[in-house]
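Okay, so here's the structure we're looking at.
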Amino acid sequence: MKSNLSRFRGYFEQTAKLMVGVPDYDTYIEHMQGRHPDQPVMTYREFLDNRLEARYGAGKAGCC
């Protein structure tokens with residue numbers, strides 16, 4: 001059983017990552033295993049590339 005301090009640290013780390021735009025790979029893995037066990041799980045690199053593409057989208061009109 002996780003202590004309250006460990007649980008708080010996990011929440012803090014996840015929040016900090018999301019604040020700077022780094023998605024949580026562990027949460028993605030848990031989601032895929034729990035809800036989509038028949039589908040392959042992306043590697044960490046594939047996951048980051050996917051999230052960057054979703055956020056910034058190649059070929060979309062931007063400011064520059």
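Of all residues in the range 11-27, those being more than 22 Å from Ala54 (Cβ to Cβ) and either in contact with a helix residue (DSSP H, G or I) (Cβ under 9 Å, 6 or more places away or on another chain) or hydrophobic (A, V, I, L, M, F, W, C) (or both) number 1. Annotation note: Cβ proximity below 7 Å between a residue of the range 41-60 that is closer than 15 Å to Thr27 by Cα and a residue that is outside any loop (DSSP other than H, G, I, E, B) and modelled with pLDDT of 80 or more (sequence gap 6+ or interchain) occurs for Val41/Ile29; Val41/Met32; Met42/Asn50; Tyr44/Tyr25; Phe47/Tyr25; Phe47/Tyr28. For residues that are among the charged types (D, E, K, R) and in a helix (DSSP H, G or I), scanning just the range 25-54, find the one that is surrounded by the most Cβ atoms within 10 Å (Cβ to Cβ). Top of the filtered list is Arg51. Quick one: how many residues across the range 1-24 are part of a helix (DSSP H, G or I), among the aliphatic types (A, V, I, L, M) and more than 9 Å from the chain's Cα centre (by Cα)? Residues in the range 1-24 being part of a helix (DSSP H, G or I), among the aliphatic types (A, V, I, L, M) and more than 9 Å from the chain's Cα centre (by Cα): 3 in total.
Selection of the range 1-24 for residues being among the β-branched types (Val, Ile, Thr) and surrounded by fewer than 10 Cβ atoms within 10 Å (Cβ to Cβ) yields only Val20.
The values are calculated or read from the model by the stated rules, or taken from the named source; none is laboratory data. Here the structure is a predicted model, which means the values were calculated and not measured. Here the Cβ is made from the backbone with ideal geometry for all residues, glycine too, and neighbour counts use every protein chain on show.
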